[in-house]
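The values are calculated or read from the model by the stated rules, or taken from the named source; none is laboratory data. Owing to the predicted nature of the structure, the values given are computational and were not obtained by experimental measurement. Note that each Cβ is placed from the backbone with ideal geometry, even for glycine, and that neighbours are counted across all protein chains shown.
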Amino acid sequence: MLRSLLCLWLMLPLAAFAGVSEIVEETGTACRADGNAPPKNRQQTELDARTDAKRSAAERVATRIKSETRYDTVEVKNEGQAKAYQVGKVLRSAYANADVKELAVLETGAWDAQDACFRIKLRVEVIPKAEALETLGSAMQEDPTLPLNVQLWTDRSTAGERAMYRKGELVRLYLRGNKPYYARVIYQFADGQRAQILPNAHRSTNRFQGGVTYVIPSEEDSFDFEVSAPFGAERVVVYASERPLGEISLQASGSIYRVEGGRLESQVRDVKLDGGAKKDTAAFSEYAVELITMP
């Protein structure tokens with residue numbers, strides 16, 4: 001049993017999974033006639049409208065990041081300014097080359113009266129290049145002026161290291177973000193079942209302060225995480241956003257909530273946007289750690 005668990009451990013990916021992104025609602029439009037090119041068919045035009053929405057979303061996020069990290073080389077007169085300039089440069093590069101993932105169709109596409117142009121509204125996730133952001137190191141974890149970044153770790157590891165626990169031992173988790181955020185913390189057990197451990201029946205808050213380390217479970221929670229069967233690879237994920245996260249299907253199970261259904265990842269990204277030019281985008285952060293439980 002021990003040998004099989006150790007083999008599984010070696011085959012698993014890195015213990016920590018981190019991601020920052022922006023959830024955006026954007027409208028895209030495309031027309032059959034495009035300059036001197038031959039007219040497009042309906043299918044291609046509808047595809048182009050989707051592409052236009054994604055492109056516009058990426059450009060809007062990149063423009064905002066650029067405006068928030070505007071450092072001119074003329075202003076670099078000391079070490080602090082040089083560091084700020086470098087951070088801004090990395091951020092602009094990461095978001096300028098972001099990937100865009102379609103999450104949902106908010107308004108069903110419609111053709112105009114002349115059947116010439118097609119319009120559709122999408123919810124998308126703009127995902128900057130992780131390799132670029134990783135070069136910022138601890139700045140991403142603590143600086144409140146940078147994109148939202150929420151970290152999660154156990155009492156037996158620092159962020160990025162896998163922890164191992166035996167039967168009867170207690171697991172303790174820590175949560176920290178670089179700015180205020182809303183969050184759900186989900187625990188996936190070795191048998192595949194998932195539970196929301198925060199908020200829970202004793203600690204209902206889903207709003208957390210930046211720069212503060214939260215403990216799970218705390219005395220307020222009135223329960224412990226004691227390792228028991230089934231044993232194997234387990235995973236804890238925090239989903240966070242600067243605005244309230246989407247609702248998920250939960251069922252009360254003692255002090256915590258059992259997660260029902262298989263659409264968790266898309267449901268949490270249904271963040272509560274207010275609309276308007278500046279309010280139909282929200283920072284999103286996802287971070288996960290893995291641990292191994294053993295007899």
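Which one is nearest to the chain's Cα centre (by Cα), of the residues in region 92-145 that are closer than 23 Å to T281 by Cβ and hydroxyl-bearing (S, T, Y)? Filtering first and then ranking leaves Y95.
Of the candidates I216, I248, I292, the single residue that is farther than 16 Å from L148 by Cβ, touching a helix residue (DSSP H, G or I) at 6+ places or on another chain (Cβ under 7 Å) and at pLDDT 95 or above is I248. Looking only at residues of region 194-237 that are among the polar types (S, T, N, Q) and under 19 Å from L250 (Cβ atoms), we find that the one that is surrounded by the fewest Cβ atoms within 10 Å (Cβ to Cβ) is S204. When region 129-155 is filtered for residues that are more than 21 Å from P180 (Cβ to Cβ) and touching a residue at least 60 places away in the same chain (Cβ under 8 Å), the ones remaining, listed by number, are A130, T154.
Do we have any residue at all in region 150-165 that's part of a loop (DSSP other than H, G, I, E, B), among the aliphatic types (A, V, I, L, M), out of contact with any Asp or Glu (no Cβ under 8 Å at 6 or more places or on another chain) and surrounded by fewer than 22 Cβ atoms within 10 Å (Cβ to Cβ)? For region 150-165, residues part of a loop (DSSP other than H, G, I, E, B), among the aliphatic types (A, V, I, L, M), out of contact with any Asp or Glu (no Cβ under 8 Å at 6 or more places or on another chain) and surrounded by fewer than 22 Cβ atoms within 10 Å (Cβ to Cβ): present.
Residues in region 91-143 that are basic (K, R) and surrounded by 15 or more Cβ atoms within 10 Å (Cβ to Cβ): R92, R119, K121, R123, K129. Tell me, yes or no, whether region 139-149 has at least one residue that is part of a strand (DSSP E or B) and not acidic (D, E). So far as region 139-149 goes, no, none of its residues is part of a strand (DSSP E or B) and not acidic (D, E).
Per-residue answers, yes or no, for (1) acidic (D, E); (2) in the same structural domain as G246 (by TED's automatic domain parsing); (3) within 14 Å of A183 (Cα to Cα):
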residue: L198; (1), (2), (3): no, yes, yes
residue: V212; (1), (2), (3): no, yes, yes
residue: P217; (1), (2), (3): no, yes, no
residue: D221; (1), (2), (3): yes, yes, no
residue: D224; (1), (2), (3): yes, yes, no
residue: A229; (1), (2), (3): no, yes, no
residue: A233; (1), (2), (3): no, yes, no
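When restricted to residues that are out of contact with any Ser or Thr (no Cβ under 6 Å at 6 or more places or on another chain) and under 24 Å from G168 (Cα atoms), region 204-233 contains 17.
Scoring G109 on the criteria (1) touching a Phe, Trp or Tyr at 6+ places or on another chain (Cβ under 8 Å); (2) in contact (Cβ under 8 Å) with a residue 40 or more places away in the chain; (3) more than 19 Å from R50 (Cα to Cα) leaves a single failure, condition (3).
Scanning region 249-265 finds one or more residues that are closer than 20 Å to A18 by Cβ and exposed (fewer than 14 other Cβ atoms within 10 Å of the Cβ).
Could we say that A240 is touching a Phe, Trp or Tyr at 6+ places or on another chain (Cβ under 8 Å), closer than 25 Å to I292 by Cα and in a strand (DSSP E or B) here?
yes
Under the condition of being modelled with pLDDT under 95 and among the hydrophobic types (A, V, I, L, M, F, W, C), the residues counted in region 117-147 number 7.
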